[in-house]
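What follows is a single structure, written as structure tokens, with notes after it.
Bear in mind these aren't lab numbers, they're just calculated from the coordinates by the rules spelled out. Worth saying up front: this structure is predicted, and the values here are computed from it rather than measured. Neighbour counts run over all protein chains shown; Cβ positions are idealised from the backbone, glycine included.
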2 protein chains.
Amino acid sequence: MGGINLDKIRVGIVGYGNLGRGVESAIRQNPDMELAAIFTRRQPESMPSTAKMVHMSEIDNYIGKIDVMILCGGSATDLPEQGPSIASMFHTVDSFDRHAKINEYFDSVDASAKKSGHASVISTGWDPGLFSLNRLLAEAVLPEGKEYTFWGKGVSQGHSDAIRRIQGVNNAVQYTVPNEEAVNLVRKGENPVLSARDKHLRECFVVAEPGEDLSRIEKEITTMPDYFADYETQVHFISAEELQEKHSLMPHGGLVLRSGITGAASKQIIEFGLNLASNPEFTGSVLVAYARAISRFAKEGFVGAKTVFDIPFGYLSPKSAEQLRRELL
Amino acid sequence: MGGINLDKIRVGIVGYGNLGRGVESAIRQNPDMELAAIFTRRQPESMPSTAKMVHMSEIDNYIGKIDVMILCGGSATDLPEQGPSIASMFHTVDSFDRHAKINEYFDSVDASAKKSGHASVISTGWDPGLFSLNRLLAEAVLPEGKEYTFWGKGVSQGHSDAIRRIQGVNNAVQYTVPNEEAVNLVRKGENPVLSARDKHLRECFVVAEPGEDLSRIEKEITTMPDYFADYETQVHFISAEELQEKHSLMPHGGLVLRSGITGAASKQIIEFGLNLASNPEFTGSVLVAYARAISRFAKEGFVGAKTVFDIPFGYLSPKSAEQLRRELL
């Protein structure tokens, strides 16, 4: 017979940017899954993968042949359309990350999945995702306390893009850097009041076009509302070669801390941290674990949308409940 | 009407040692719960609490009047008997922590709860409990990797109790101390091979009965299987006064680290850490959050036993799913 193994979870990837490639490599690390196809809006022939590349317009030909679709498009324009649309044909996993729109997005995916009898998990990854889980856990265990999230050191795509849109900028990479002093105050249980600029620095590596006024570019960056104006921002002008050589990786990470009190005045600190050499590969690995979970929920008859808050950790693992109790509890 | 509020989760505590008192104070921090009674094998009149103290022999008078019993006895002898016995009358939460016996204990509580139509969650707290959850999560996300758990610096009740059971020992406190060098190697992603004794020291402060053979006690400690035999163990004999003065607090904590690889060779580190001024108050706080969860599962019709692996984090919080998505995702 050969070919597709029906016992494996057949996964499709929608969108083949950094995250899509991260999911592709994560699937290879999970023997209970196989990559059935990657869907792209570009020319499938032009895509650099050994996987089966298919144009997005043909996705409905794969109904019944793919168990879970992992949606790797952006949250600004791709997912609001693709989430509900693909949930009408397949079980789905995504990393929708616009916090202010999460309930609206949840409702639209939930309605579509319920109508068509599918199961979806939205907003996975690490923030939203693993960080959200730790915020919830820490708050439930320490109701009297204060929560702190620090991001970095890591590249922010959104902030890098914002710099690249400035006239005279050829390329740029922005690192979000947590303020170590602030982190240490929190770790000591001192519950400091921290503004956005107290918690993070923004460090920018910028390649300018020849002959541009660097001080004008620097000022446009440091005064940019929402992105930089509220932060301590450092701007370094470097060559295109140096940017390529030293700043082309995508590290990231961060910390979720909760500092709480129990009893009379016992200080209790819960800390969750990530130190990631590759942000998209790690995010992809989280999405793949949640693909396993939603595929199991679907097999049990669940239809509709879930978030990480609704999924027991046991569903993320290929091991049986008895094995998990024996090995990991 | 006054008195008991039927909307609140009515909680009972079985056993009033350090953990029982930790649970008592945690219940006060959760307005959706109320402490109905504390059950003890000692003389209820002699117990220093403003709560209602009841002798264990009267526990069956409280069937229908208490929603969840939080079992605060020890894992060595109390819980193997109390777990299944109380699960035949009430929903239960416990912190059973004998790793090697967990499946056997699970099966006995599960059978009793199923037979009587109750719901139980076993082995909660922080290890087993929150640490177990992080081991599972990190392994599911980073299947190619290595997991490290470090405990301390802190008092281990189980190990202290084990010393106290030795003939001729009047009192004892055992500190588990992580090896900082080992922790730092793991954080750097160097994946060291560490035996139990490379990771921790065990430091014991022991008050002996007058006239006992100290070298016999020391040998019984250092050779005790499971608890001490595999570790570098230091034993200090001190006076009852010194133990009271210097070792009566119960700090603890620890780290669960997973160091994994994704893609070609991207190092990814997941770290979960606790820094606890009071171990029993923190453990009590975890038990109380899981009491909320099992009470909800029971309302949904679940009967039988669960572990932390089977419970979505959303069940731990008094907030609605919509509110959790809005505030914490």
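Listing for the model above:
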| item | result |
| --- | --- |
| Values of log10 I(q)/I(0), in the order q = 0.28 Å⁻¹, for segment A:166-205 under a Debye, Cα-only, solvent-free model | -0.92 |
| Within a Gaussian network of chain A (alpha carbon springs, distance under 10 Å), most fluctuating of A:GLY12, A:GLY314, A:GLY254 | A:GLY314 |
| Rough spin-label spacing in nm, given labels placed 7 Å along Cα→Cβ, for A:SER239 and B:ALA196 | 5.8 |
| Sequence of B:SER112, B:SER123 once ranked by neighbouring C-beta atoms within 10 Å, starting from the fewest | B:SER112, B:SER123 |
| Test item: Cα-centred dipole of the protein assembly as shown, Lys/Arg +1 and Asp/Glu -1 on Cβ, debye | 1120 |
| Cβ-vector label at 7 Å, B:GLY168, separations to other copies in nm | 8.4 |
| Shielding by other protein chains, A:301-314, mean Cβ within 10 Å | 5 |
| Candidates per GluC sites (Glu not before Pro) in segment B:230-300, loop by DSSP, up to 13 other Cβ within 10 Å | B:GLU300 |
| Diffusion coefficient, µm² s⁻¹, Stokes-Einstein with Kirkwood Rh over alpha-carbon pairs of segment B:130-277 at 37 °C and 0.692 mPa s | 196 |
| Residues A:GLU327, A:GLU147 arranged by fewest to most Cβ contacts within 10 Å | A:GLU327, A:GLU147 |
| Percent of beta bridges antiparallel (DSSP, segment A:130-277, rounded to nearest 5) | 85 |
| Proximal charge balance of B:GLY129 [Cβ under 15 Å; K/R count +1, D/E count -1] | 0 |
| Residue exposure sequence - B:ASP32, B:ASP78, A:ASP67 - by fewest surrounding Cβ within 10 Å | B:ASP32, B:ASP78, A:ASP67 |
| Over chain B: helical MRE at 222 nm, DSSP H runs n ≥ 4 each giving -39500 (n - 2.57), nearest 500 | -10000 deg cm²/dmol |
| Gaussian network model of chain B, springs between alpha carbon atoms under 10 Å - residue of B:HIS247, B:HIS91, B:HIS236 with greatest fluctuation | B:HIS236 |
| Calculated P(r) of chain B - Cα pairs past 31 Å, % | 38 |
| Hydrodynamic radius by Kirkwood, which averages 1/r over all alpha carbon pairs of segment A:1-75, in angstrom | 12.6 |
| Under-5 Å amide H pairs with B:MET33, H placed in peptide plane, nonlocal only | B:ILE9 |
| Exam field: A:GLU300 pseudo-label spacings to other copies (7 Å along Cα-Cβ), nanometres | 0.8 |
| Percentage relative contact order, chain A, counting C-alpha pairs under 8 Å, at least six apart | 21 |
| At 7 Å out from Cα toward Cβ: A:ARG326 inter-copy label distances (nm, ascending) | 4.6 |
| Lysine pair number, Cα distance threshold 28 Å (strictly under), segment B:174-314, separation 8 or more or different chains | 6 |
| Placed amide H near B:ALA119: partners under 5 Å, 5+ positions off or other chain | B:HIS91, B:THR92, B:GLY304 |
| The protein assembly as shown - Rg and Dmax from Cα coordinates, angstrom | 26.8, 90 |
